[in-house]
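Notes to accompany the following structure.
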Protein chains: 2
Amino acid sequence: MSDNKDESRTEINEVGEFGLIDRIKSGTTLVNESSIAGIGDDAAVIDAGDHVKLLSTDMLLEGIHFDLSYVPLKHLGYKAVASNVSDIAAMNGIAEQITISIAISNRFSLEAIDKLYEGINAACKAYKVDLVGGDTVSSQSGLIISVSVIGRTDKDKISFRSGAGLKDIICVTGDIGGAYIGLQVLEREKQVFLENKGMSPKLGDYEYIVGRQLKPEARMDIIHELREMDVRPTSMIDLSDGLASDLMHLCKSSQCGAVIYEDNLPIDKQTYDTAVEFNMDPITCCLNGGEDYELLFTISQDDHEKLKNHPDIHFIGFSEMQEKGINLVTKGGNTVEIKAQGWVHF
Amino acid sequence: MSDNKDESRTEINEVGEFGLIDRIKSGTTLVNESSIAGIGDDAAVIDAGDHVKLLSTDMLLEGIHFDLSYVPLKHLGYKAVASNVSDIAAMNGIAEQITISIAISNRFSLEAIDKLYEGINAACKAYKVDLVGGDTVSSQSGLIISVSVIGRTDKDKISFRSGAGLKDIICVTGDIGGAYIGLQVLEREKQVFLENKGMSPKLGDYEYIVGRQLKPEARMDIIHELREMDVRPTSMIDLSDGLASDLMHLCKSSQCGAVIYEDNLPIDKQTYDTAVEFNMDPITCCLNGGEDYELLFTISQDDHEKLKNHPDIHFIGFSEMQEKGINLVTKGGNTVEIKAQGWVHF
C-alpha cells in the first residue's frame, strides 16, 4: 500500500555504520545560532549564554548490545548511564541531566524494572546526574533502552575530536582491553551453563575484567583532575569502539596521523593473562576491544610536566602529519599500520 | 546465571503506564541547580542563565506505534520530528535541536533510510530545528526510532501543566479526533488490500483525516501567535493521548476539575461523517482519539478578549474546583463524568 518499496536497493552494509552517519550528516544544515556543533563528535554543542550545553544519545537493544542471561538488570541500568556520562566527559564536560526511555514486553515484571532503575539511580547518584524524563512504551520483543544526556562546560574548556595539533602527546586513561576480555569470559561461562545447568559459573578469577564489562565507570575523576591541573586536552574521545577505531576517529577529525608504542599501552595483568588463556593476542584485544569507556586525548607538549606523574594517565604516543598514517611501533621496533575493526554490521 | 529472576512477580499491567511513570519519578531526586523541573510535564526544564532549555524524548517502535504497510517512511520521519516539536510547543517553547537514533535490520535498504531522513529533514526545515546527533544501531526485529528534542523559552514564558487557576478558560486548537478516525480508515484499507492484493486503497474521500494521522503538524504557529498577542497560557499540554486523558493530566497537575461542553468541541466534518460511517460516536472519538498534536491550554479570563476572534482557538470549557471532577455537558444538557481511556497496555 505505501511507497516503501525501493526501485533500486543498496544494502546498508555496503556503506557501513560510519558511511551511514556521514550520509545522514551530509543531509543536515544547522540554522539556529545556538547550534554550535552537530553530528560528528561525542556530543552536540549548544549555546547557553555564558556556557554551553552538551547533548549526546545512545540506544541499547537486547540481543545486540546486551545479553540478559548474564547481565544483571541493575548493572545494565548503571552502564547505560555511565556510558552516556562518558560521552559528555569526552567533550571535557560534566553531565547534569539525563532522560531514559525504555521499551518492555510483558516478559518483564515490575520487580525487574525496579532492578533496572536501581542501577540507573545508583549511577545518577554516583555521577550527580538528574533523571528528568523519558518514555515508557511496550515492546513485542526484547528490552530497549534509549538514553539522552545533557552536560555543561565553559566555552573555553570544550575539547572536540578535531583539535589535536602536530606532535601533541596522545594519552589514555586507566587500562584497556579488559571489558572485551571480560565479555569473552561471560560468553564462555554462558556456554558452559547452557551445556550443564548444574554448573555454577566460575567468575571469581576474572573479577576485575568481568567488572570492566558489566559495570564500567565514566572517567569523571580525570575530567575534574584535568581542570584542577589547568590542562585542557587539545582533542578527546571516549573509548567505546576500541582504541584503534576511536584513534582513527580522532585523527580523521583532527586531520592528523599518529604513532603509538606497544610498550606504552596500559594492559592490566588479568586482561593480559586471560587473553593468553583464550589464545588471543593481548595487543589486538587492547587495540580492538571496545567498551572500556576510558578517555583517549591529546595534550600540548607544554602540559607534559603537569601530567607526567599522574598514575592513571599514560602517554602512548604522539600525533603526526596526516600523510604518515596511524602506526603502532611494536616492542621489537617494527612499525605496523593500524586498521580499525570496530564497527557493527547491520 | 544472572540474578534477573524475581522472587515475587508483579505484572506491569497492574500499575499501568502512568503508575510505572509515577514509580520511576518517586525514585528520582534533582540535585543539580540547573534542573528546574523533571519528570511530569511535556518536557524537562533546564536552567541556561537568561533563558531555559526544554528537553523531551519519545521512542517509536514498528508494530506498536506505526505499521509500515501503510505508513510511508517519509511521513514517519516527519511525524517523529513533529510530535517531539509539539512537546516543546506544549511548554510554550520553541524547538531548536533534535537527535534521532534508529535501530534497523538488514530488511531496510539505504534507499529506505534515505526516505526516512527525507521526512526528518523536511520537518527539521519546516520547524527550524537542527538535527545535531543520534545513534545508528542494528536491530534483529523492526524499525525503532528514538527522538530527543531541545527547545528554549524565556523564564517568564514557560507554561507547565500545573498552572491552571480557578475558572480559567480551557482552549483547544484546530480540530480533534481526526487522526484517530484516519487510522481506522488506514486499518480498514489494509484489510481490504490483504484480502485482495489487486485492490487499490480508496483514500481519496478521506484525505484530510488520513493526513491528520500520517502527517500531523506541531502547532508552532499558535505558539508564535500567542506571543504576538502577549498571552501566556496558565497551563498547557499537547494532545497526544486524547482530549480526555490529556485533560486529566492537566487537571491532576493543576489540582483542579473541569467542565467542557460537547457543543464547543471542534470536530471536522470529515471526522464526524467517517466516525458515523464506522458506527462510532464522533464525540467519543474526539475525547479518546489520540495523536492530533493540537494544543490544550488554559488562559486567564483577562485574556478572553485577545483570543475570542481567533479562528483556530476554541473555548471548550473552564476549570473548576478539584472536588467537582472533570465533566462533559452534553448537547442535551446532561452532565457526564469524563474518564480517560487513553493508555497503552504492556
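The values are calculated or read from the model by the stated rules, or taken from the named source; none is laboratory data. Bear in mind the structure is a predicted one, so any value in this text is a computation, not a measurement. All Cβ positions, even for glycine, are placed from backbone atoms using ideal geometry, and neighbour counts span all protein chains on display.
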> Are any residues in segment A:244-260 under 9 Å from A:Gly325 (Cα atoms) and either aromatic (Phe, Trp, Tyr) or touching a Lys or Arg at 6+ places or on another chain (Cβ under 6 Å) (or both), and if so, which ones?
Replying inline: A:Gly257
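Are any residues in segment B:20-29 within 20 Å of A:Ala126 (Cα to Cα) and more than 7 Å from chain A (Cβ to nearest Cβ), and if so, which ones? First the steps, then the outcome.
At the first step, the residues of segment B:20-29 found to be within 20 Å of A:Ala126 (Cα to Cα) are B:24-29.
Scanning segment B:20-29 gives B:Lys25, B:Ser26, B:Thr29.
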> Across segment B:30-49, what is the total count of residues that are facing another protein chain (nearest Cβ under 7 Å) and free of Cβ contacts under 8 Å to residues at least 40 places away in the same chain?
Replying inline: 10
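State yes or no: is A:Ser56 within 22 Å of the chain's Cα centre (by Cα), of a type in the set (Ser, Thr, Tyr) and more than 7 Å from chain B (Cβ to nearest Cβ)?
Details: within 22 Å of the chain's Cα centre (by Cα): yes; of a type in the set (Ser, Thr, Tyr): yes; more than 7 Å from chain B (Cβ to nearest Cβ): no.
No; evaluated as a whole, the condition is false for this residue.
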> Which of the residues that make up segment B:189-218 are within 25 Å of B:Ser83 (Cα to Cα) and among the aromatic types (Phe, Trp, Tyr)?
Replying inline: B:Tyr206, B:Tyr208
> In segment A:22-56, which residues are buried (at least 18 other Cβ atoms within 10 Å of the Cβ) and under 16 Å from B:Ile104 (Cβ atoms)?
Replying inline: A:Ile24
> B:Leu55: touching a Gly at 6+ places or on another chain (Cβ under 6 Å) and outside any helix (DSSP H, G or I), yes or no?
Replying inline: no
> Of all residues in segment A:287-327, how many are farther than 19 Å from A:Leu166 by Cα and among the hydroxyl-bearing types (Ser, Thr, Tyr)?
Replying inline: 1
> Counting only residues that are modelled with pLDDT under 95 and of a type in the set (Val, Ile, Thr), how many does segment A:40-87 have?
Replying inline: 1
> Does B:Ser69 qualify as being touching a residue at least 40 places away in the same chain (Cβ under 8 Å), in contact with a Gly (Cβ under 7 Å, 6 or more places away or on another chain), facing chain A (nearest Cβ under 7 Å) and not charged (D, E, K, R)?
Replying inline: no
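Hey, could you check segment A:253-307 for residues that are among the polar types (S, T, N, Q) and free of Cβ contacts under 8 Å to residues at least 40 places away in the same chain and say which is nearest to A:Gly242 (Cα to Cα)?
Taking the candidates together, the pick is A:Thr284.
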> How many residues, within segment A:148-159, are more than 10 Å from chain B (Cβ to nearest Cβ) and surrounded by fewer than 24 Cβ atoms within 10 Å (Cβ to Cβ)?
Replying inline: 6
> Restricting segment B:148-163 to residues that are in contact with a strand residue (DSSP E or B) (Cβ under 6 Å, 6 or more places away or on another chain) and part of a loop (DSSP other than H, G, I, E, B), which is farthest from B:Asn84 (Cα to Cα)?
Replying inline: B:Asp154
>> Any residue that is at the interface with another protein chain (Cβ under 7 Å from one of its Cβ atoms) and part of a loop (DSSP other than H, G, I, E, B) - is there at least one of those in segment B:82-100?
In response: no
> How about segment B:115-147: which of its residues are within 7 Å of another protein chain (Cβ to nearest Cβ), assigned to a loop (DSSP other than H, G, I, E, B), surrounded by fewer than 22 Cβ atoms within 10 Å (Cβ to Cβ) and not basic (Lys, Arg)?
Replying inline: B:Asp135, B:Gln140, B:Ser141
